[in-house]
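Have a look at the structure below before the remarks.
The values are calculated or read from the model by the stated rules, or taken from the named source; none is laboratory data. For clarity, every value in this text was computed on a predicted model and none was experimentally measured. Here the Cβ is made from the backbone with ideal geometry for all residues, glycine too, and neighbour counts use every protein chain on show.
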Amino acid sequence: MYGLPEGIDLTFFAHKMLIQVCIGAHDLILNFEGGINISIASCIEMASPTVPSRRYEDFRQASSALVALITRSVASAAREDAGTLTLLFEGGERVSVFDDSTQYESYTIRHGEELIVV
């Protein structure tokens, strides 16, 4: 909806461990150490060095792959285009979150007092 600002500093994700995955009927929440979380209402894409890329609209279908990332740390986070956030984990796994709605919020990132709405 709002996009991810160009030049945004996402370095606060670096070396933060994923500590919790919350899966709901229409949303997904990823909680990281250091008070960082991403609340997702859009689709995601996941890939790993051994598994090809796959897009998920139903988070239940991604649950086993997401849960396997618990205790993994983020190597880097990047803005891929106007609305896509990509997290690369230290094991080579990749999670991309898309801004796929023109009417509603697709995801939010909370980092301490900062709230980024996309």
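A few comments on the model shown:
- Residue tally, condition part of a strand (DSSP E or B) and more than 19 Å from GLY83 (Cβ to Cβ), over the stretch 1-30: 7
- Complete set of residues in the stretch 72-103 that are at pLDDT below 95 and among the β-branched types (Val, Ile, Thr): THR102
- The condition of being farther than 28 Å from GLN103 by Cα and acidic (Asp, Glu) holds for only one of GLU6, GLU90, that being GLU90.
- Of the residues contained in the stretch 57-64, one or more are found to be surrounded by 15 or more Cβ atoms within 10 Å (Cβ to Cβ) and under 13 Å from the mean Cα position of the chain (by Cα).
- Filtered residue count, the stretch 74-90, keeping only those that are surrounded by fewer than 14 Cβ atoms within 10 Å (Cβ to Cβ) and either in a strand (DSSP E or B) or of a type in the set (Gly, Ala, Ser) (or both): 1
- For the stretch 31-73, a residue qualifies if it is free of Cβ contacts under 8 Å to residues at least 40 places away in the same chain and in a strand (DSSP E or B), and the qualifying residues are ASN31, ARG54, ARG55, TYR56.
Residues are listed down the side, and each one gets a yes or a no for (1) free of Cβ contacts under 8 Å to residues at least 12 places away in the same chain; (2) among the hydrophobic types (A, V, I, L, M, F, W, C); (3) touching a Lys or Arg at 6+ places or on another chain (Cβ under 8 Å):
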residue	(1), (2), (3)
ALA77	no, yes, no
GLU80	no, no, no
LEU87	no, yes, yes
GLU90	no, no, yes
GLU93	no, no, yes
VAL97	no, yes, no
THR102	no, no, no
ILE109	no, yes, no
GLY112	no, no, no
